[in-house]
Each structure stands twice: as C-alpha cells, then as structure tokens.
1. Could you figure out which of (1) among the small types (G, A, S); (2) touching a Lys or Arg at 6+ places or on another chain (Cβ under 8 Å); (3) farther than 30 Å from E189 by Cα isn't true of S72?
2. Only residues that are in contact (Cβ under 8 Å) with a residue 40 or more places away in the chain, among the acidic types (D, E) and closer than 25 Å to S152 by Cβ: list them for the stretch 70-125, please.
3. Mind telling me which of the residues D173, D167, D135, D163 ends up being farther than 15 Å from P50 by Cβ, within 11 Å of ligand 2 (Cβ to nearest atom) and either at pLDDT 95 or above or within 16 Å of the chain's Cα centre (by Cα) (or both)?
4. Scanning the stretch 131-159 for residues that are in contact with a helix residue (DSSP H, G or I) (Cβ under 9 Å, 6 or more places away or on another chain) and of a type outside the set (A, V, I, L, M, F, W, C), which turns out nearest to ligand 1 (Cβ to nearest atom)?
5. Determine which member of the set R86, R53, R61 is more than 16 Å from ligand 2 (Cβ to nearest atom), of a type in the set (K, R), within 30 Å of M165 (Cβ to Cβ) and surrounded by 11 or more Cβ atoms within 10 Å (Cβ to Cβ).
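The values are calculated or read from the model by the stated rules, or taken from the named source; none is laboratory data. Computed from a predicted structure; not experimentally measured. Glycine also receives a Cβ, built like all others from the backbone with ideal geometry; neighbour counts cover every protein chain displayed.
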Amino acid sequence: MVKLKFLDRPKLSIWERIIFLDFIKGLRVTFKNLIRKTITTKYPYEKLTPPKRFRGVHAHRVKDGNEPLSFSVLGKFMEIGYDESRCVACYMCQQACPMPTLFKIEAVQLPDGKKRVTKFEMNLLNCLYCGLCVDACPVDCLIMTDVYESASYNRENCVIKMDDMSDRGRDFDRRRLKEKDRIWIDNEERTKLWGQIRWT
Ligand code: SF4
Ligand code: SF4
C-alpha cells in the first residue's frame, strides 16, 4: 500500500514537546502586532476621505465652460444647456465596459438636426469599478468620484440616473476640482493610513 507522505506528522524535538516552542513563536507575532500602530479605522464612526483618484460612484460633469477641446466639436451637434450633463451620447463608455449591458443610454434627434440625451443610466450592481468607461469618455463627462457608500436595501437604488450623476459631478468638482491629481491627498494622509513607507 502506498504511504501518503503528507499524512506523516513532523517529528517534534524534546524542547518542542515540553515547552510548546511553536506556540510561543506564534504568541511573539501576536504581541508584536498588539503594540503596533493601528492602520484600520472604526468605520462607520470614523470615515476617511479617499484620494481624488479613488474609483467611487460615477458622476457626470456638466457644461460649465471648462470642457475639453473635443467638446467644442462634438457639442455642436448636441442640444445641451448650461449646467446640464455634457454627455454627447457617443456610447464610447458602453463600448469600453466589460459589462456593457449595465448602461442604458438613449438620445433623440430634434427637428433642427441636433441630438439630445434623454436617458443615461448605469446599474452599478454589475460594475467592476475598473474605470475603463471613464478613460473612454471623449468629453471628460463621465468621472468616478470619492463617494463610496453605495450600498442599498433596494436593487432599484443601485441604478444611477443622469440627474443624480450631474448633481454628484457638480458636488465633486466643487469640493475637489482644484486639488492636485494624485493618489494620496497628501503625504500626511498616506502616513496616517499606511505608516512610513521604506522603499527597498
Ligand atoms: S467602471 Fe468598469 S465595469 Fe463599471 S461601468 Fe465603467 S467600464 Fe463598466
Ligand atoms: S463616453 Fe461620455 S459622452 Fe459618450 S456616452 Fe459615455 S458619458 Fe456620454
């Protein structure tokens, strides 16, 4: 009969048998971490502001005079009022998404030949928060914000709509547009979370 090697119990030395050497080694690790600085937070009582480039709930930037150059071309074919979502219904975000069915984008053609977006919805239950849709948007309309509390008791609430997205976009830009585009808010914030990083 073939003897299975992995069933063999390791032979313990006399010291390991008498004073539980491995148990003491384990306790040493426990005590070492017991006196270390805590890096976790007491959520939901303590909430950290994520860095600007955090990939949170999506939003739409509005037409506010800060559009990229591409919008001056694409926007000509659109009926978009000031302070309204600057989406041009190009479907690039949907094309780039690994789960395209989570998008519902609809637009109509007006009598003057211009286009108007009538629906923009995203079902975040299917979203991976990968950010590919944001990268694909040619007019810097679709963004991801620092909002991370998106849990809900109701599935319907997980579908975000254009009006809410525009509100979130306005709020995000008001709070953070001028902030430097970096992964951490500042070095102090990074150190608070992760301690001093020693590069090796
Ligand atoms: S973040 Fe990724 S998965 Fe979510 S909508 Fe954008 S492309 Fe799709
Ligand atoms: S890529 Fe941007 S402009 Fe195009 S449909 Fe998506 S959000 Fe609208």
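1. S72 satisfies all of (1) among the small types (G, A, S); (2) touching a Lys or Arg at 6+ places or on another chain (Cβ under 8 Å); (3) farther than 30 Å from E189 by Cα except (2).
2. E121
3. Values: D173 fails: within 11 Å of ligand 2 (Cβ to nearest atom); D167 fails: within 11 Å of ligand 2 (Cβ to nearest atom); D163 fails: within 11 Å of ligand 2 (Cβ to nearest atom).
On inspection, the qualifying residue turns out to be D135.
4. Step by step, filter the stretch 131-159, then rank; the result is D135.
5. Working: R86 fails: more than 16 Å from ligand 2 (Cβ to nearest atom); R61 fails: more than 16 Å from ligand 2 (Cβ to nearest atom).
Residue meeting the stated conditions: R53.
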